[in-house]
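Participant: For reference, the structure I am asking about is given below.
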Amino acid sequence: SDVCSSDLFPDMSNDPGLHLLVRNAEQLEAAIDCQPNSITLDYLELYGLRKSVEQVQRANLPCRVASPRILKPSEQKITQFLLSLKCDLLVRSGGLLHNLGAPNPELPPIDGDFSLNVANRIAMQTFMAIGLRRITPTHDLNAQQIIDLARQVAPGRLEVIAYQHLPVFHMEHCVFCRFLSAGTDHTNCGHPCEKHRVAVEDSSGRRHAVLADVGCRNTVFGAEAQVATHFLPAMLQAGISQFRLEFVHQSPEQVAGVTTAFQKYLQRDINQGQLQQSLAKHSPQRTTEGSLYVPEKFKQLVQLQ
């Protein structure tokens with residue numbers, strides 16, 4: 001494999017950027033204190049976003065808002081609301097891109113998330129041509145495939161997620177309504193998703209966080225924190241310079257600990273091994289390479305040409 005696992009620091013052609021995605025006000029406070037290159041807000045209730053957007057902007061940090069993964073015909077007003085926030089957008093569906101009318105010079109900066117399923121140079125160039133600033137590759141690519149993609153496109157236009165709980169299941173069914181309410185839908189459930197934290201425990205005792213979105217759809221996130229530690233040197237050498245850290249149920253202290261560790265690594269204050277030790281300390285359910293894992297001799301598998 002071409003993937004480097006050395007503790008040696010790579011030569012970096014571009015100053016790396018670190019972008020944090022948070023999901024509640026407590027995490028936001030910790031994120032602002034860390035002074036990253038930008039903060040993305042991925043909140044349950046869109047209409048509670050404006051105050052947090054203004055909070056980030058008062059801190060003189062670039063602010064970005066994440067869109068829902070799904071946009072139904074009855075949810076078209078979401079587009080107008082997102083634009084009214086006057087901040088950057090992280091778009092998660094082709095339908096929203098269509099509604100935004102991209103490319104359009106009057107739109108705010110738009111980045112594309114993993115759910116646009118960009119897996120190759122042609123898809124990357126297609127989305128770049130309609131005005132996207134940066135694109136996060138699909139989770140179907142392992143770390144080596146992301147590095148290979150970076151060598152075929154402008155690597156500075158990629159935004160790789162270096163820390164996250166992988167979204168493993170996205171569904172219309174609402175666990176909060178089903179188990180924490182006598183209601184049947186958002187009109188009578190009492191919105192328990194705004195008051196309770198839920199996780200699904202598997203037979204091994206691993207707890208997988210569950211979050212609801214503005215459309216009452218639920219996402220189940222992998223228990224372990226997926227980290228790119230092993231692959232960072234090769235990614236940086238390939239020209240990838242923009243990295244995102246995503247938080248789900250993390251406490252403010254864990255947000256600060258994870259972020260500070262990555263900042264120290266990118267500033268060459270700690271090495272790869274020390275970064276991994278710090279991430280393990282702040283990840284109670286362990287860490288994993290997850291979808292980034294590169295199987296031995298994976299390139300020898302039969303592939304369609």
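The values are calculated or read from the model by the stated rules, or taken from the named source; none is laboratory data. Everything quoted here is computed from the prediction, not taken from an experiment. FYI the Cβ positions are ideal-geometry reconstructions off the backbone, even for glycines, and counts take in every protein chain you see. Heavy atoms of the whole protein, side chains included, go into the accessibility calculation; ligands, DNA and RNA do not. Shrake-Rupley method; radii C 1.70, N 1.55, O 1.52, S 1.80 Å.
Participant: Classify the stretch 208-305 from the C-alpha gyration tensor, please: rounded if a/c falls under 1.5, else prolate or oblate depending on whether a/b exceeds b/c.
Facilitator: It is oblate, given that a/c is not under 1.5 and a/b is not larger than b/c.
Participant: With +1 on the Cβ of every Lys and Arg and -1 on the Cβ of every Asp and Glu, and nothing else charged, how large is the dipole of the chain about its Cα centre, in debye rounded to the nearest 20?
Facilitator: 300 debye
Participant: Label Glu106 and Asp33 with points 7 Å out from Cα along Cα→Cβ: what is the distance between them in nm?
Facilitator: If labels sit at Glu106 and Asp33, their model points lie 4.2 nm apart.
Participant: Still on this structure: Just to check I understand the Karplus step: with θ = phi - 60° and J = 6.51 cos²θ - 1.76 cosθ + 1.60, what whole-Hz values come out for the stretch 159-175, glycine and proline as x?
Facilitator: 10, 9, 7, 9, 8, 6, 9, 4, x, 9, 7, 10, 9, 6, 4, 9, 5
Participant: First check a/c for the stretch 157-258, with a ≥ b ≥ c the square roots of the eigenvalues of its C-alpha gyration tensor; if it is under 1.5, answer rounded, and if not, answer prolate when a/b is larger than b/c or oblate otherwise.
Facilitator: prolate
Participant: Ignoring ligands, DNA and RNA, please state the percent of accessible area on the chain from carbon and sulfur, probe 1.4 Å.
Facilitator: 50 percent
Participant: Does the stretch 9-155 classify as rounded, prolate or oblate by the C-alpha gyration tensor (a ≥ b ≥ c root eigenvalues; a/c under 1.5 gives rounded; else a/b over b/c gives prolate, otherwise oblate)?
Facilitator: Because a/c hits 1.5 or more and a/b fails to exceed b/c, the stretch 9-155 counts as oblate.
Participant: Which GluC sites (Glu not before Pro) in the stretch 7-101 sit in a loop by DSSP (not H, G, I, E or B) and have at most 14 other Cβ atoms within 10 Å of their own Cβ?
Facilitator: For GluC sites (Glu not before Pro) across the stretch 7-101 that sit outside H, G, I, E and B with at most 14 neighbouring Cβ atoms in 10 Å, the list reads Glu45.
Participant: May I pose another question? Counting only pairs 8 or more residues apart or on different chains, how many lysine pairs in the chain have their Cα atoms under 29 Å apart?
Facilitator: Total qualifying Lys-Lys pairs in the chain comes to 11.
Participant: Cut-off 14 Å, label point 7 angstrom out along Cα-to-Cβ of Gln285: give me the residues of the stretch 167-194 whose amide nitrogen falls inside.
Facilitator: Only 167-169 fall inside the zone, counting backbone N under 14 Å.
Participant: If you keep only loop residues by DSSP, which trypsin sites (Lys or Arg not before Pro) in the stretch 167-266 have at most 14 other Cβ atoms within 10 Å of their Cβ?
Facilitator: Those that pass, being in a loop and sparsely packed, are Lys195, Arg197, Arg206.
Participant: If you don't mind, there's one more thing I want to ask. Quick check for you: which residues of the stretch 34-59 have the amide N under 17 Å from the point 7 Å beyond the Cα of Ala25 toward its beta carbon?
Facilitator: Correct set: 41-59.
Participant: Follow-up question, since we're still on this one. Want the number for Asn60 to Gln274: 0.36 nm per residue separation, take away the alpha-carbon distance, what's left?
Facilitator: 74.0 nm
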